[in-house]
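The values are calculated or read from the model by the stated rules, or taken from the named source; none is laboratory data. This is a predicted model, so every value here is computed, not measured. Virtual Cβ from ideal backbone geometry, glycine too; neighbours counted across all protein chains shown.
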């Protein structure tokens, strides 16, 4: 499973194909993709995530790319295969404290694999937290076959994220220096004021892809 960003909505290869570009600076590309993913998450509003609860524990052992916790009080030992994919493994104390990586799979009970190496091998001092940062995959975005979770990012979210990246590229420096999204917006005849005036511009094509997914909630004042 190729997960390169914090949310894992799209990959660098998908961006290159969609935008018809060659990525020369991987670090900058990941930063821009992660910004696009964050913008999409902000725009869609509340979604019921697949992983609705955080998991905490102390590792028994590990490597630079795996964490093992099969102890009697482990919160992850009994989970079905790949239940934790697309989630963040954050080390909150001990070896590698302050570092976080994306979980790409958990094919063995009590063992999770991450997308890139930690600075040092995980050991018995590593206190961890596992949580889902992105709003996707949602509770409904998976197939369960033979006790294995096949989770996926729905196509509309992928396309919206790619459209957002392309929009940011086309706007160039103006996107990063303009400072804010539109303060007022009109959708289907309904006008509203954006609560956070510093929000970044959302690509028009991304808005189209997310029609029906976004969740706008307001308060009626009688």
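For segment 54-96, a tally of residues being over 27 Å from residue 146 (Cβ atoms) and without any contact (Cβ under 8 Å) to a residue 24 or more places away in the chain returns 1. Considered as a group, the residues in segment 8-27 that are under 25 Å from residue 103 (Cα atoms) and touching a residue at least 24 places away in the same chain (Cβ under 8 Å) include one that is surrounded by the fewest Cβ atoms within 10 Å (Cβ to Cβ), and that residue is 14.
Only residues that are more than 22 Å from residue 166 (Cα to Cα) and either in a helix (DSSP H, G or I) or modelled with pLDDT under 65 (or both) were counted in segment 200-222, giving 7. Scan segment 171-180 and tell me whether some residue there is more than 20 Å from residue 45 (Cβ to Cβ) and modelled with pLDDT of 95 or more. Checked segment 171-180: no residue is more than 20 Å from residue 45 (Cβ to Cβ) and modelled with pLDDT of 95 or more.
Considering only segment 78-90, I want to know if a residue exists there that is surrounded by fewer than 15 Cβ atoms within 10 Å (Cβ to Cβ), part of a loop (DSSP other than H, G, I, E, B) and more than 21 Å from the chain's Cα centre (by Cα).
Checking segment 78-90: at least one residue is surrounded by fewer than 15 Cβ atoms within 10 Å (Cβ to Cβ), part of a loop (DSSP other than H, G, I, E, B) and more than 21 Å from the chain's Cα centre (by Cα).
Inspection of segment 137-144 finds a residue satisfying the criterion of being out of contact with any strand residue (DSSP E or B) (no Cβ under 9 Å at 6 or more places or on another chain), more than 30 Å from residue 63 (Cβ to Cβ) and not in a strand (DSSP E or B).
Selection of segment 109-136 for residues being more than 20 Å from residue 40 (Cβ to Cβ) and outside any loop (DSSP other than H, G, I, E, B) yields 111, 112, 113, 114, 127, 128, 129, 130.
Quick grid of which residues meet (1) under 21 Å from residue 114 (Cα atoms); (2) surrounded by fewer than 21 Cβ atoms within 10 Å (Cβ to Cβ); (3) out of contact with any helix residue (DSSP H, G or I) (no Cβ under 8 Å at 6 or more places or on another chain):
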| site | (1), (2), (3) |
| --- | --- |
| 129 | yes, yes, yes |
| 134 | yes, no, no |
| 137 | yes, no, yes |
| 153 | yes, yes, yes |
| 157 | no, no, no |
| 163 | no, no, no |
| 167 | no, yes, no |
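Go through the residues of segment 122-131 one by one and say whether even a single one is farther than 23 Å from residue 71 by Cβ and in contact (Cβ under 8 Å) with a residue 12 or more places away in the chain. No, segment 122-131 contains no residue that is farther than 23 Å from residue 71 by Cβ and in contact (Cβ under 8 Å) with a residue 12 or more places away in the chain. Take the conditions (1) surrounded by fewer than 21 Cβ atoms within 10 Å (Cβ to Cβ); (2) touching a residue at least 24 places away in the same chain (Cβ under 8 Å); (3) touching a strand residue (DSSP E or B) at 6+ places or on another chain (Cβ under 8 Å); residue 103 misses just one of them, which is (1).
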